[in-house]
Amino acid sequence: MKETAILLFFCVFGWHILQAQSPWTREKGKAYVQLGFTTLSYDAVQYDGEKLENIGDYSDITLQVYAEYGISNTLEAQVILPYKTASYENVGVSQSISGIGNVWLGLKYKLSDANWKISSGLLYSANSIKKDETLFVSSTGINASTFLPYVSIGASHNKWYYFGNIGYGYMDNNYSDYLKATIEVGYSIIPKGHLMFVLDTRNPVTKEDAYENDSVQWASHLDRQTYNAIGLKANYEFIENKWGANASVFGAFGIDNAPLAPTINIGVYTKL
């Protein structure tokens, strides 16, 4: 039976991949940069439909930079640069690993700038991780590269905005492909702040051999990861169009092959 859990996200950088897949693009020469800190601590994981508890104390910390740049008024480049430190503690065992995680690169092209914005894009996640199969925390990311093409459509009206996207993650190294979909609706509750409702899902569509055979995967980075998340986000710009922060809370159900614990994220962003 798949686990249902409540996940709390106190984040000022949000989910980078969700933001990268919105239909809006930066104007030519404009940039957006976020510096984020993410920490996850747990001793339980949902694995192959079963809840495994008291498996030792895992700590998973990531410092990452996310950036967007308008190459033209219709073409945007994106990059996510993560640095991860992970550790494992149990009776008689103390291990850790640090290094670059999966680096993401992306291009997004605006197909339509009418009332309904339509964009398509491609995100690429490199297998740029550090690996050590002798450790319980045996890597700093997923042991595979991913190509994620997607289409996004959205609009804004008065104080509202809304968008949805759908994409397909092609993974190499015998990892399982997955379907990714998101819906986000936002409302401007104060002049420089928004409240947003989000639905985000990820579901594997193939069952490849890495799930059984890849010795580099561990609790934070398992193949066939599944989740359905529903949440609220809040955004506030302290200086309009200069810098600001986000916060969000999510409930998740249908979780499989992932840790069962809250994630805490802290960061700041600036617009250039």
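Starting from a Cα-only point model with no solvent, please compute log10 I(q)/I(0) by Debye for region 149-272 at q = 0.14, 0.17 1/Å. Reported log10 I(q)/I(0), two decimals: -0.77, -1.01.
Rounded to the nearest 20, the size of the Cβ-charge dipole of the chain about its Cα centre is 1340 debye, with Lys and Arg at +1 and Asp and Glu at -1. Note on residue 156: accessible area is roughly 80 Å² with a 1.4 Å probe, heavy atoms of protein only. Under 18 Å between alpha carbons, and skipping anything fewer than 8 positions from residue 110 in its own chain: which lysines qualify? Within the straight-line limit of under 18 Å, residue 110 reaches these lysines: 28, 30. For region 161-263, give the percent of accessible area contributed by carbon and sulfur heavy atoms, probe 1.4 Å, rounded to a whole number. That share works out to 60 percent.
Of the GluC sites (Glu not before Pro) found in region 205-269, those in coil by DSSP whose Cβ has at most 16 other Cβ atoms within 10 Å are 240. Ranking 268, 185 by solvent-accessible area of protein heavy atoms (1.4 Å probe, all protein chains present), from largest to smallest, gives 268, 185. One equal scatterer on each Cα of region 80-236, no solvent, Debye formula: the resulting log10 I(q)/I(0) at q = 0.11, 0.13, 0.18, 0.20 Å⁻¹ is -0.57, -0.76, -1.14, -1.25.
Amide H to amide H distances under 5 Å link residue 267 with 12, 13, 37, where only residues 5 or more positions off or on other chains count and H is placed in the peptide plane. Of the residues 32, 102, 64, the one whose Cα sits farthest toward the positive end of the charge dipole of the chain, with +1 on the Cβ of Lys and Arg and -1 on the Cβ of Asp and Glu, is 32.
Quick one: Cα convex hull volume of the chain, Å³ per residue?
Values: hull volume 31.4 nm³, N = 272.
In the chain, the Cα hull volume divided by residue count equals 115 Å³.
First measure r as the distance between the Cβ atoms of residue 134 and residue 79, then evaluate 1/(1 + (r/R0)^6) with R0 = 30 Å and state the FRET efficiency to the nearest 0.05.
Numbers: r = 31 Å, r/R0 = 1.05.
In this case the efficiency is close to 0.45.
With a cut-off of 14 Å between beta carbons, the residues surrounding residue 240 carry a summed charge of +2, where Lys and Arg count +1 and Asp and Glu -1.
Summing Cβ point charges (Lys, Arg +1; Asp, Glu -1) relative to the Cα centre of region 102-237 gives a dipole of roughly 700 debye. Considering every Cα-Cα pair within region 37-127, what fraction, in whole percent, is farther apart than 19 Å? So the pairs more than 19 Å apart make up 60 percent of the total in region 37-127.
The values are calculated or read from the model by the stated rules, or taken from the named source; none is laboratory data. Just so it is clear, the model here is predicted, and its values are computed rather than measured. Heads up, the Cβs are rebuilt from the backbone with ideal geometry, glycines too, and the neighbour counts pull from every protein chain shown. Keep in mind that these areas ignore ligands, DNA and RNA; they rest on the heavy atoms of the full protein, side chains included. Shrake-Rupley method; radii C 1.70, N 1.55, O 1.52, S 1.80 Å.
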